[in-house]
Amino acid sequence: VKHRASFIRRSGRLIADPSEDQVGRARRTRRWAFIGSGIVLALATVGAFLTVTATTPRPVPAATLSPVAVPEYTPPPPPTEPAVPANLVTDTVSGQRVFLRPANAGTVGIAYLLPDAGDDASTLLVGALADALNDAGLAIATGDLGGTSWGSPTSTTSLAELRSWAESQVGEVPVLYFGVGMGATTAVTALSREPDVPVACTYAVAPVTDLATLATADPRVRQQIATGWGRIPDAAENPSLLVPGLPTETVYRVIIPAAPEARVADATAFVSGLQESGHTVTSLTASADASIASLSRDILVFGQECLS
């Protein structure tokens with residue numbers, strides 16, 4: 001036979017030659033291995049191309065480019081402070097700083113702005129309220145009044161010295177006391193200690209006349225009172241007990257605060273005491289967000305009516 005037979009007959013059946021079958025399998029394995037290697041190589045080539053394409057910046061036509069405007073940083077303007085009036089007069093009297101703004105024209109009276117705890121007296125004569133008082137014909141004056149004195153004897157002496165100095169500048173004119181908190185307390189104690197010194201009007205915002213209770217309730221104020229008085233005044237020295245002795249010639253306007261409760265009760269009791277003693281008094285309960293600015297119109301109306 002020229003070629004070896006691929007099949008042999010055994011037991012009446014044709015079967016493949018084992019050696020030929022192994023050769024075929026080997027050829028097929030090599031062929032698929034070659035094809036698989038080609039596919040892997042092709043995929044790797046495509047992946048590399050896509051990676052390079054994605055990371056390579058594309059040229060952008062010049063016509064489509066536009067500069068990005070970066071705004072210049074502008075620092076915020078500093079807070080503006082009211083300008084010090086040109087006509088402000090300052091001096092030192094017995095170690096106390098004193099300040100005066102004469103009325104713009106036609107002086108009808110002088111308003112003494114009595115500082116609250118923490119106030120810098122020099123700032124009280126600057127601002128919208130001070131301008132309005134000047135425009136209404138009122139000179140305005142203030143001083144340190146012994147610092148955080150809460151109506152101590154020192155504050156009364158300092159107020160008397162302030163009045164003497166201010167009257168030497170503007171003459172003897174009707175007087176209005178205006179005070180908030182500690183300033184209102186100073187007004188009350190000064191009126192009780194010098195009832196013969198004329199004061200036409202008193203505008204008291206949230207006055208404190210029960211110092212003994214306040215000193216117990218507020219440790220910070222307790223220290224202020226102890227510094228101003230040199231001790232904690234007892235209940236017998238409370239300004240609330242001085243109400244019957246306040247001058248009846250003075251017209252009173254009391255602003256009752258919205259809070260806290262103790263201060264509301266204090267101011268309310270002060271109004272009741274004035275009414276029971278036959279004093280001329282009106283009152284107003286302030287809103288929760290009340291401020292001196294919001295009370296400016298009421299202050300002006302009261303002052304003009306009282307001094308007219």
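Expected output is a single nm value to one decimal: the length gained when fully extending between Ala258 and Ala160, i.e. 0.36 nm times separation in residues minus the C-alpha distance. What is it?
Once the chain is fully extended between Ala258 and Ala160, it gains 32.1 nm.
For Ser164, what charge total do you get from the other residues with a beta carbon under 13 Å from its beta carbon, if Lys and Arg give +1 and Asp and Glu give -1?
After counting each charged neighbour, the total is -4.
Under 5 Å between amide hydrogens, which residues at least 5 positions from Gly109 or on another chain qualify, with H placed 1.01 Å from N in the peptide plane?
Residues meeting the amide H criterion: Ala139.
Would you mind putting 95-107, 151-163 in packing order, based on average other-beta-carbon counts within 10 Å, highest first?
Order by mean packing, descending: 151-163, 95-107.
Where the centre of each part is set by its Cα atoms, how far does the range 83-108 sit from the range 259-308, in angstrom?
26 Å
Please compute the length gained on full extension between Arg220 and Ser308, using 0.36 nm multiplied by the number of residues separating them and subtracting their Cα-Cα distance.
The Arg220-Ser308 span can extend by a further 27.6 nm.
Ranked highest first by average number of other Cβ atoms within 10 Å, how do 115-128, 230-243, 179-192, 132-145 line up?
By packing density, highest mean first, the sequence is 179-192, 132-145, 115-128, 230-243.
Laboratory data are not the source of any read-out in this text; all were calculated from the coordinates shown. Given the structure is predicted, the values throughout are model-derived calculations rather than measurements. Backbone-built Cβ (ideal geometry, glycine too); neighbour counts: all protein chains shown.
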